[in-house]
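For reference, the structure is listed below as structure tokens.
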Amino acid sequence: MAKIELPKKYKSLEVEEKWGKVWKDSGVYHYDPSASRENTYVVDTPPPTVSGSLHVGHVFSYTQTDVVVRYQRMLGKNIFYPMGWDDNGLPTERRVQGLFGIKCLPTLPYDENFKPEIVPQKKGKRIVQKEISRQNFLETCEMQTGEDEKKYEQLWRHLGLSIDWNQQYETINKHSQTVSQNSFLDLNSKGFVYSIDSPTMWDTTFQTAVAQAEVEERERQSAYHDIVIASESGEEFVISTTRPELLPACVAIVAHPDDERYQKFFGSSAITPLFKSKVPILPAEHADPEKGTGILMVCTFGDVHDLDFWKKGNVPLKQIIGRDGKLMDIAFGEGVFVSEEPSAANQVMSQLKGLYVKQARRKICELLSEVGALKGDSKPTQQFVKYYEKGDEPLEYISTRQWFIKILENKEPLLAQGRKVVWHPSHMIKRFEQWVEGLNQDWCVSRQRFFGVPFPIWYPLNGEGEPDYENPIFAKKETLPVDPLADCPPGYTSQQRNQPGGFIGDPDVMDTWATSSCTPQISSHWGIDEKRHNSLFPADLRPQAHEIIRTWAFYTITKAWMHEEKIPWENIAISGWVVNPDREKMSKSKGNTVTPEDLITQYSADALRYWASKARLGTDTIYDENVFKVGQRLSTKIFNASKFVMMQLSDDSETTKDLSWDLSSIKEPVDLVWVSRMNQLLINAKKLFSEYDYAVALSQIETSFWEFCDLYVELVKTRAYKQKESAAGLSALATLEWTLQNFLQLFAPVLPYITEEVWSWHYAEKNGEASIHTSSWPTPIELAKIEISATNNEADLIGLTKEIMNAVRGEKSKAQKNLRWPVETISVCGEKPNLEKLKLVEEDLIQSCSLKNSIEYQEGQKAEDGHFSITVTLAETND
RNA sequence: GGGCGGUUAGCUCAGUUGGUUAGAGCACCUGCCUUACAAGCAGGGGGUCACAAGUUCGACUCUUGUACCGCCCACCA
């Protein structure tokens, strides 16, 4: 081949920029809709939450998926690798509110002149939020997420993710809304949804219902307050409670049925202090005699036990906390709010109404104290309390009308579906199973928010203007997506909105998971393009993190089953986390993350990808810039080794001799043994990659590559350089060329830039394949017969050669000589077959060790730690 | 309280179905400008495989228990 000019140093930034542009223009990663399903590999890419910036954890997990995808592409698969942006939902609302200092007030009219402006953040200063209309708010959300998504795409491109950018979607766009609303209609038609007005977990800050999956428990400092309560008969007892503010909502007082202290009260009533409400004293199994004073209040609603108690139907519902988390204005003496002294009770209530829960707690303690109903001081305690995962105030149970999906009665089939999916690593299925088994609520899918997918529902209004929630009007599938607050239901006119006899639109939006649980169907255009859907669903792979198994994985499995009785994907790959050296999860809030852009600039994309690819699925990885450096070094080594091979393959400029060789030129025993080792590596690597074990594959490839550089190349370089025209020289050239191509292809999924760069020097033309990433995954080649068993694993020729070279290198190192220092004699003692093998590589050894004479062979005793006993004598002088 | 994973060199991690003397990279030490690479090369030191018991001719590997770390879930007036 003709000589090519190669740069002296590897400049990763320039190379990455060059290939990034080429890949963008060439469409090398595009999906081909005409390919068969069997020959297509479909990824259900996680749509990252669009919340300002991606961090190193994203780089980590998305790279792992890309490595798998690139391998599949080289197997010849047509790849469907889309990118979604999860811009729907509360994170966006919060971000936009903070950035622009705005707040949605749905009753305001649209202001077409409104322009959002970024509000400078000042420490300790609370920003006054300007109220704007729903439409203005939504437009601001879309504008902001659009900007973020452009930045994200840029990072992903630089990282080298082989995404088909034609397959992009946003979870808030019209298409996603159509699929999501269609999903709801389909679930409704199949009887999987219902709406009900009942107590639901409610976040008072965001003023929305939340689902079980979004709830987390946090430890919180709390305190017991001892309240003295009198029974009907005037006998007093003490209740120890952490929620004294719920006293006006007290519906009963309970103790354990076997608790002898309180048995005498069962069947009678107590009178609550301050409010003078008469409440029954009842036995209840959940009362623990060991805790507190053993007797407790049942309120609306302090905890899940209170809720259970209410559901049994023996006590009234006394809602005192409003949707905004403030105590409501309750009129005692009316309805369920009984009181022996209504005017006194109302006087107390007037001091509590409008207070937030925390304020009310303090106030009521004061008031109790004044009447002598508070005993002693409060006793601090640590308590676990349920919070909305994005919220800052504890959840309350508040009675509201919500839509639910029927999960509880379908646990068994859902577990069965989960087991049909192949989990990587396999133990992660336990997370799924345990979650499903432990579920105790149906999936609440309605949210009282704005930036989300609306329900495709209206409610008829009766003559009094009261909505008929039992008979909702569902949108027609052909009209999706609909906005019930802007569009009219079938058979009505817009004049009838909010009019008696007319209709109202459902003001709620769906849980963001209700949409993201449809990501495979959003990509496949389910319900819109059946042909495309059938060729993309179920997908092959869902990559995701383990903390959202209970949400994203579970809900996606649920939807796929409810819609089509299918699994959504054949495989699920669970990535680990990136953690700090002190084992904490790296996250933005910790303020300790470096931006991925900076890291790529500093270390190169390939280096970051190398780090991500070192971690096995499901395993957490320490953030360690040293590993980036190792990746950087590997790229440089590939560059240099490739440069060396290219130099050997180039025609000799002095003789201008045209050299030609092919795989059949590989005849030298040591070359054949090397090829045999490479064959084994190819077999191992393919198996490992196919089993999603890219990290182990990489480590084997890497080890072999360094051995190639430090051992094989050193051994044959003189032969390749000085004897090009001989059969022995051509054997070396053919082996070098073939080996390097294999290494490039093996590394290509992990290091797409450096491998593409080297590929372009020579292999692109040779193989007639412009990009290494669409070249075929390498396969083992047939070997010529080797005279003796030089490939015998027990002591293959390469291994034996290594022993000699190590002995010589050790001797030179010990004598503090350079590696070119001449060797006078090498004398080898060992078993005859091994000596015979060694003779096959003697010429290469003489050259690579700078040996002045032939090797002396002696049958006899070998050393304990090898196959030979070796004596090396260095020359006196270097000449 | 239930479940899952982990504990191997100073650090980060490999270690196949049990099989000689437990590996790698980083870090450390000693050398070497050697015409692919000093962003390199060669050599070297460093481990009671968390602990205990058991199975076995033989245990980092299998069983049981304990300790510690991490995560998931549940509960707590």
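The values are calculated or read from the model by the stated rules, or taken from the named source; none is laboratory data. All of these numbers come straight from a predicted model, not from anything done at the bench. In this analysis, Cβ positions are derived from the backbone assuming ideal geometry, glycine residues included, and neighbour counts consider all displayed protein chains.
Summary table
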item: In the stretch A:858-879, the residues that are in contact with an Asp or Glu (Cβ under 9 Å, 6 or more places away or on another chain) and not in a loop (DSSP other than H, G, I, E, B); result: A:859, A:868, A:870, A:871, A:872, A:873, A:874
item: Residue that is surrounded by the fewest Cβ atoms within 10 Å (Cβ to Cβ), among those in the stretch A:386-417 that are modelled with pLDDT under 85 and within 16 Å of RNA strand B (Cβ to nearest atom); result: A:389
item: Those residues of the stretch A:709-728 which are of a type outside the set (A, V, I, L, M) and either in contact with a helix residue (DSSP H, G or I) (Cβ under 6 Å, 6 or more places away or on another chain) or buried (at least 24 other Cβ atoms within 10 Å of the Cβ) (or both), in sequence order; result: A:709, A:712, A:714, A:718, A:719, A:723
item: In the stretch A:810-843, the residues that are part of a strand (DSSP E or B) and surrounded by fewer than 17 Cβ atoms within 10 Å (Cβ to Cβ); result: A:824, A:825, A:827
item: Breaking point among (1) within 26 Å of residue A:842 (Cα to Cα); (2) surrounded by fewer than 21 Cβ atoms within 10 Å (Cβ to Cβ), for residue A:622; result: (1)
item: Count of the stretch A:685-716 residues which are hydrophobic (A, V, I, L, M, F, W, C) and within 8 Å of RNA strand B (Cβ to nearest atom); result: 6
item: Restricting the stretch A:362-412 to residues that are of a type in the set (A, V, I, L, M) and under 31 Å from the mean Cα position of the chain (by Cα), the residue that is nearest to residue A:222 (Cα to Cα); result: A:385
item: Check on residue A:204, surrounded by 19 or more Cβ atoms within 10 Å (Cβ to Cβ) and over 23 Å from the mean Cα position of the chain (by Cα); result: yes
item: Hits in the stretch A:328-383 (condition: loosely packed, with under 13 Cβ neighbours inside 10 Å, within 20 Å of residue A:302 (Cβ to Cβ) and free of Cβ contacts under 8 Å to residues at least 12 places away in the same chain); result: A:358, A:362
item: From the options A:772, A:855, residue that is surrounded by 13 or more Cβ atoms within 10 Å (Cβ to Cβ), among the β-branched types (Val, Ile, Thr), at pLDDT 90 or above and out of contact with any Lys or Arg (no Cβ under 7 Å at 6 or more places or on another chain); result: A:772
item: Residue ID - farthest from RNA strand B (Cβ to nearest atom), chosen from residues in the stretch A:591-606 that are buried (at least 23 other Cβ atoms within 10 Å of the Cβ) and of a type outside the set (Val, Ile, Thr); result: A:605
item: Qualifying residues in the stretch A:564-579 (those that are in a strand (DSSP E or B), surrounded by 15 or more Cβ atoms within 10 Å (Cβ to Cβ) and at pLDDT 90 or above) - the one farthest from RNA strand B (Cβ to nearest atom); result: A:569
item: All positions within the stretch A:239-252 that are among the aliphatic types (A, V, I, L, M), within 10 Å of RNA strand B (Cβ to nearest atom) and within 19 Å of residue A:283 (Cβ to Cβ); result: A:239
item: Sole exception among (1) in contact with a Lys or Arg (Cβ under 7 Å, 6 or more places away or on another chain); (2) more than 24 Å from residue A:414 (Cβ to Cβ); (3) modelled with pLDDT of 90 or more for residue A:436, by number; result: (2)
item: Counted residues, the stretch A:717-735 - those being part of a helix (DSSP H, G or I) and either more than 11 Å from RNA strand B (Cβ to nearest atom) or farther than 30 Å from residue A:770 by Cα (or both); result: 12
item: Residue under evaluation residue A:465, criteria (1) crowded, with 20+ Cβ neighbours inside 10 Å; (2) more than 30 Å from residue A:307 (Cβ to Cβ), criterion not met; result: (1)
item: Meets criteria (charged (D, E, K, R), within 21 Å of residue A:409 (Cβ to Cβ) and touching a residue at least 12 places away in the same chain (Cβ under 8 Å)) for residue A:203; result: no
item: Evaluation of residue A:846 against (1) surrounded by 13 or more Cβ atoms within 10 Å (Cβ to Cβ); (2) under 20 Å from residue A:719 (Cβ atoms); (3) near RNA strand B (Cβ under 10 Å from one of its atoms) (one fails), failing number; result: (3)
item: Residue A:361 being in contact with a His (Cβ under 9 Å, 6 or more places away or on another chain) and of a type outside the set (Asp, Glu); result: yes
item: Test result for residue A:19, away from RNA strand B (no atom under 16 Å from the Cβ), in contact with a helix residue (DSSP H, G or I) (Cβ under 6 Å, 6 or more places away or on another chain) and at pLDDT 95 or above; result: yes
item: Qualifying residues in the stretch A:607-621 (those that are among the small types (Gly, Ala, Ser) and on the phi < 0 side of the Ramachandran plot) - the one nearest to RNA strand B (Cβ to nearest atom); result: A:615
item: Subset tally (residues that are at pLDDT below 90 and near RNA strand B (Cβ under 6 Å from one of its atoms)) for the stretch A:622-643; result: 3
item: In the stretch A:289-301, residue nearest to residue A:379 (Cα to Cα) [restricted to those that are surrounded by fewer than 21 Cβ atoms within 10 Å (Cβ to Cβ) and not basic (Lys, Arg)]; result: A:292
item: In the stretch A:418-428, the residues that are near RNA strand B (Cβ under 9 Å from one of its atoms) and without any contact (Cβ under 8 Å) to a residue 40 or more places away in the chain; result: A:426
item: In the stretch A:253-274, the residues that are within 14 Å of RNA strand B (Cβ to nearest atom), at pLDDT 90 or above and hydroxyl-bearing (Ser, Thr, Tyr); result: A:272
item: Residues located in the stretch A:711-742, provided they are of a type in the set (Phe, Trp, Tyr) and in contact with a Ser or Thr (Cβ under 8 Å, 6 or more places away or on another chain); result: A:712
item: The stretch A:62-113, residues that are in contact with a Pro (Cβ under 6 Å, 6 or more places away or on another chain) and either of a type in the set (D, E, K, R) or surrounded by fewer than 21 Cβ atoms within 10 Å (Cβ to Cβ) (or both); result: A:70, A:86
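One line per residue, one yes/no per condition, for (1) over 30 Å from residue A:57 (Cα atoms); (2) of a type in the set (D, E, K, R); (3) out of contact with any Gly (no Cβ under 6 Å at 6 or more places or on another chain):
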{"position": "A:618", "(1), (2), (3)": "no, no, no"}
{"position": "A:645", "(1), (2), (3)": "yes, no, yes"}
{"position": "A:665", "(1), (2), (3)": "yes, no, yes"}
{"position": "A:669", "(1), (2), (3)": "yes, no, yes"}
{"position": "A:689", "(1), (2), (3)": "no, no, yes"}
{"position": "A:704", "(1), (2), (3)": "no, no, yes"}
